[in-house]
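The values are calculated or read from the model by the stated rules, or taken from the named source; none is laboratory data. Please read these numbers as outputs of a predicted model, since none were measured by experiment. Positions of Cβ are generated from backbone atoms using ideal geometry, with glycine treated the same way; all protein chains shown enter the neighbour counts. Only protein heavy atoms, including side chains, enter the accessible area calculation; ligands, DNA and RNA are left aside. Shrake-Rupley method; radii C 1.70, N 1.55, O 1.52, S 1.80 Å.
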Amino acid sequence: MIVSICVLLMFSYFLSSVLPFVYVNQKKKVIENCIDLTNENDEVSRFPFISLVMFSLVALIYYLSSDLLLMAFCFCLAIAAYTDACKRWIPDFIIYLLLAISIYSLHSKVLLLSLFSLSFYITPVVLLSIYGYVVKKESWIASGDYYVFPSIGLMLSPEYAAGTMLATLAIMLVLMRWIKQIPLITVAYFTFTGFNICLLSGYL
């Protein structure tokens, strides 16, 4: 009981000390994002071929698995990936749908294993973000991407989660030679669907 009270008091003090710095930092980021959004033009890129490939992969996954839930998740992820590629923007509604589908899928899985998958999937990108922020003083991963990563992590199995994210980051690092701003969710979509196709085809 005494230990719990001490921990609670320490956490309360820590929160009261850290909150002002967190608020100021987040406020600065919001102001910077507003300035960037104001200066941004209204032109939206179109990639019909990429769109066709993305949704063809959704159809292929359904053909191989006959899993409506997985197909629905891949369909929503394809929308997120395409909008991210076109305008570096993901609709909130799609983010909520992805989270809802991934959470609903937990009823047929072992919860602890799913949590392991989630942690294994996001750990590489979190470590990369920490390195970029501490060493380079730069934000390498868009904050919006972190809203999508948990849902992807929950849809993977623990033995493949970290590898899928590492493959995503490796492809991103290669593409950075030619593309300055990488649509990370777009890359994550292709690694996720690629993994599932290989798994369903018996290559993994």
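Some observations on this one:
- Of the listed residues W178, W89, W140, the order by accessible area with a 1.4 Å probe, largest first, is W178, W89, W140.
- Rounded, prolate or oblate (a/c below 1.5 giving rounded, otherwise prolate when a/b exceeds b/c) for the range 53-113 by Cα gyration tensor: oblate
- Taking a ≥ b ≥ c as the square roots of the eigenvalues of the alpha carbon gyration tensor, the range 144-204 is oblate, as a/c is not under 1.5 and a/b does not beat b/c.
- Taking all protein chains together and a 1.4 Å probe, the residues K109, K180 rank K180, K109 from largest to smallest accessible area.
- The range 57-168 - percent relative contact order, Cα under 8 Å, separation 6 or more: 28
- Here W178 and W89 are evaluated by their C-beta separation; at R0 = 25 Å the FRET efficiency comes out at 0.70.
- Rounded percent of accessible protein surface that carbon and sulfur make up, the range 111-161, 1.4 Å probe: 72
- Rounded, prolate or oblate (a/c below 1.5 giving rounded, otherwise prolate when a/b exceeds b/c) for the range 91-132 by Cα gyration tensor: oblate
- The calculated FRET efficiency for the pair S56 and Y146, based on their C-beta separation and a Förster distance of 30 Å, comes to about 0.60.
- Rolling a 1.4 Å probe across the protein heavy atoms gives the range 51-204 an accessible surface of 54 Å² per residue.
- Length-normalised contact order of the range 117-204 in % [C-alpha pairs under 8 Å, at least 6 apart]: 33
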